[in-house]
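Worksheet: one structure, shown below.
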Amino acid sequence: MPLLSRFDRSLLGRADKPALEFAGRAFTFGDFEVRSNRLVHALRARGLQRGDRLAFFLQNRLEVIDLWLAGVKLGLVIVPVNVLYRERELKHILADAAPKAVVTSADMAGFIPAGTAIWDVDALTAEAAPLSVSRLVVACTPDTPLSLIYTSGTTGASKGAVLTQQNFAANGAALVSEWRFTENDRYLATLPLFHVHGLANGIHCWLLSGCHLRLTERFEHAKAAEWFDDYQPTVFFGVPAMFVRLLELPAERARAIGARLRLAVSGSAPLPAEVHEKFRQLYGSVILERYGMTETLMNISNPYDGERRPGTVGLPLPHVAVRICDEAGAVVPDGTSGEVWVKGANVCAGYWQRPDATAAAWQDGWFRTGDIGVRAPDGYITLQGRRSDLIISGGFNIYPREIEELILEQPGVLEATVVGAPDAVRGEVPVAYVVVDAAKFDETAAMAYLRTQLASFKHPRAFVRVDALPRTALGKVQKRLLPVWQP
Ligand code: MLC
Ligand code: AMP
């Protein structure tokens, strides 16, 4: 069934039902039908057509949902951009995706590189407000691309995963069914809508099930307890850093929150088994951990009924085939580590304008995730790491190479490598090890430059000076031999 038809069960079928609250204002599903119809007319008037890319660089707000729905109706390719990205990341994504425009807010427009058409979100909303409420829909097929989502690349430059309407439909339908969403649920949405966790899972579970959603501009741990008390969600999706923060709540308050919470889902980074256990003790709620990727949306999930096994990501979702393979592509026996390969209606169509990267990642119709995992005899899969040296900080991905390249451009830097150091809240944080010419290297200036170029979560916590980087005979840096960094 087409994605829009699935949304229509809520947009049209539940038009009068309370759908969402944001910043103290309440909206019905019918309001989103009307808002997105008007936006479609405004976007058409600005010349957008099926297949055009349209980027958004916005904190969570209603207009992100309007843009998404208008994209589905008009066959647009929506390009979500992380609000923390700075000059270098933005330049690359906008040059690569070549969107017709970037929709942003006045306070963030200044970060967008010159030469890109910038559409102010408030001006666009005001322009749409008086337009016709009639529905205009452009014919789409399941394979119509709906989004280009950039995911960090091992080469330093991120690649756009081309996600189709079918990818989002298959993922959303599976999660609603597997996680037992009903229209009576109350989902507290604090994840950023520019990544698939908040967007493909959160927004789609909401629209497909017709439940209620409270949207916040972002996750703020100081306010989280108040939101839980006030909204009384039955469902919460978070990255492990959020669950670590939630462990700070007093026992009585946590227990009351847990009593109403039927489902807490963690993903995007490994959830330490200790956090899983502490959350269970404090909240009386067993976190359901699942595993996904930008390129594939969700692949593997602990079961709703049955054991939610700490430290594992559970079993393949019903629409996803999973294999654990060795380097040669042969399936390994249970209990043996290998790369996780996946296949299914959830897997993206390829990388945008990167046939080389697409060819490298797909083999015989299977997508090679780059994640290393092992399957137990009863089917539960445990992730053990990555083939690459990806760092995940607070659920945001960091490829060291991107930071290393920038550091190497700084005066006085002879060698540089970046590794993930353990962090109690964010899981990992990046730390740079450098060999420098002390007379020429200015750490403060280097750091200040990095801040203008990269998202805050990629800024090295420290520059650790070493005499030489440990290398193999072939010259590859042996990151594990670097001295341990202490904050
Ligand atoms: C985070 N920050 C933001 C922000 N989100 N700043 C502005 N707007 C936002 N929306 C920045 C802050 O500037 C600060 O930077 C840091 O992040 C947050 O500091 P904090 O308030 O102390 O938060 P903390 O408790 O540490 O929690 C961090 C966090 C954040 C959990 C809120 O890491 C986060 O939003 N993570 C979600 C990432 C996500 O959605 N990933 C899904 C990818 S999809 P500074 O300067 O202090 O660093 C994927 C596939 C899958 O992986 O399987 O899901
Ligand atoms: P992204 O490219 O931002 O979509 O990040 C996807 C990556 O996040 C995956 O390839 C995994 O390495 C990681 N990931 C997602 N969920 C989990 C999880 N539950 N446990 C461990 N790693 C995860």
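Quick check on the stretch 186-252: what are the equivalent-ellipsoid semi-axes from the Cα gyration tensor, as sqrt(5λ), descending, whole Å?
20, 14, 9
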Can you find, among GLY258, TYR291, PHE228, the residue farthest towards the positive end of the dipole of the stretch 201-310? Put +1 on the C-beta of Lys and Arg, -1 on that of Asp and Glu.
GLY258
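Highest first, please rank the peptides 357-365, 182-190 by the mean number of other Cβ atoms sitting within 10 Å of their residues. Walk me through the intermediate numbers first.
Working: 357-365: 13.7, 182-190: 18.8.
The densest-packed peptide leads the list: 182-190, 357-365.
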With every atom except the alpha carbons ignored, what do you get for Rg and Dmax of the stretch 1-47, in angstroms?
12.2, 34
Counting pairwise Cα distances across the stretch 277-333, what percent come out greater than 18 angstrom?
48
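Report, to one decimal in Å, the Kirkwood hydrodynamic radius for the stretch 145-204 based on all distinct Cα pairs. Don't skip to the end; give the middle numbers.
Working: mean 1/r = 0.0775 Å⁻¹.
Kirkwood radius, the stretch 145-204: 12.9 Å.
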Checking the cross-link filter: which aspartates and glutamates have an alpha carbon closer than 12 Å to that of LYS100, excluding same-chain neighbours under 8 positions apart?
ASP52
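Express the Stokes-Einstein translational diffusion coefficient of the chain in µm² s⁻¹, to the nearest whole number, given a Kirkwood radius over alpha-carbon pairs, 4 °C and a viscosity of 1.567 mPa s. Working shown, then result.
Values: Rh = 23.5 Å.
This corresponds to a translational diffusion coefficient of 55 µm²/s.
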Below 30 Å, Cα to Cα, which lysines can LYS479 reach? Residues fewer than 8 away in the same chain don't count.
LYS91, LYS159, LYS440, LYS458
For the stretch 14-139, report the convex hull volume of the alpha-carbon atoms normalised per residue, in Å³, without decimals.
104
Counting C-alpha atoms alone, how compact is the stretch 340-487: give Rg to one decimal and Dmax as a whole number, in angstrom.
18.2, 60
In terms of the Cα gyration tensor, with a ≥ b ≥ c the square roots of its eigenvalues, is the stretch 266-376 rounded because a/c is under 1.5, prolate because a/b exceeds b/c, or oblate?
prolate
Charge dipole (debye, nearest 20) of the stretch 1-159; +1 at Cβ of Lys and Arg, -1 at Cβ of Asp and Glu:
320
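Take the Cα pairs of the stretch 27-96, get the Kirkwood Rh, then feed it into Stokes-Einstein at 10 °C and 1.306 mPa s and tell me D in µm²/s. Display every interim value, and only then the final one.
On the way: Rh = 12.9 Å.
Once the numbers are plugged in, D ends up at 123 µm²/s.
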Out of PRO355, ALA128, LEU315 - ranked by how far each Cα lies towards the positive end of the dipole of the chain, with unit charges on the beta-carbon of charged residues - the top one is ALA128
For the residues LYS159, LYS440, what sequence is obtained by ranking on other C-beta atoms within 10 Å, fewest first?
LYS440, LYS159
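So if we plug the beta-carbon distance of GLU183 and ALA251 into 1/(1 + (r/R0)^6) with R0 = 35 Å, what FRET efficiency do we get, rounded to 0.05?
Values: r = 32 Å, r/R0 = 0.92.
Approximately 0.60, to the nearest 0.05.
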Cα→Cβ-extended label distance, 7 Å offset, between ARG9 and SER132, nm:
3.0
Take the eigenvalues of the Cα gyration tensor for the stretch 216-340, scale each by 5, and report the square roots as semi-axes in whole Å, largest first.
31, 14, 13
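Neighbouring Cβ atoms within 10 Å as the yardstick, rank THR164, THR28 fewest first.
Numbers: THR164 22, THR28 17.
Ranked by crowding around the Cβ, least crowded first: THR28, THR164.
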Most exposed first, judged by fewest Cβ atoms within 10 angstrom, ARG44, ARG401 run ARG44, ARG401
Report, in debye and to the nearest 20, how large the dipole of the chain comes out about its Cα centre when Lys and Arg carry +1 and Asp and Glu carry -1 on their Cβ.
560
Across the stretch 317-322, in residue order, what do the Karplus-derived ³J(HN,Hα) couplings come to in whole Hz, using 6.51 cos²θ - 1.76 cosθ + 1.60 with θ = phi - 60° and x for Gly and Pro?
5, x, 8, 10, 9, 10
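Please list 130-140, 380-390, 290-300, 92-102 highest first by mean number of surrounding beta-carbon atoms within 10 Å per residue.
290-300, 92-102, 380-390, 130-140
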When the dipole is taken about the Cα centre of the stretch 391-481, and only Lys, Arg (+1) and Asp, Glu (-1) are charged at their Cβ, what size is it in debye, to the nearest 20?
280
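What shape does the stretch 129-245 have by the C-alpha gyration tensor, where a ≥ b ≥ c are the square roots of the eigenvalues, rounded means a/c under 1.5, and otherwise prolate means a/b greater than b/c and oblate the rest?
Numbers: a/c = 1.70, a/b = 1.21, b/c = 1.41.
Cα axes put the stretch 129-245 in the oblate bin.
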Identify, among VAL419, ILE403, ALA446, the residue whose Cα sits farthest towards the positive end of the charge dipole of the stretch 391-481, taking +1 on the Cβ of Lys and Arg and -1 on the Cβ of Asp and Glu, with the dipole about the Cα centre.
VAL419
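Values quoted throughout were computed directly from the atomic coordinates according to the rules given, and no laboratory measurement underlies them. Bear in mind the structure is a predicted one, so any value in this text is a computation, not a measurement. Methodologically, a virtual Cβ is constructed for each residue, glycine included, from the backbone with ideal geometry; neighbour enumeration extends over all protein chains shown.
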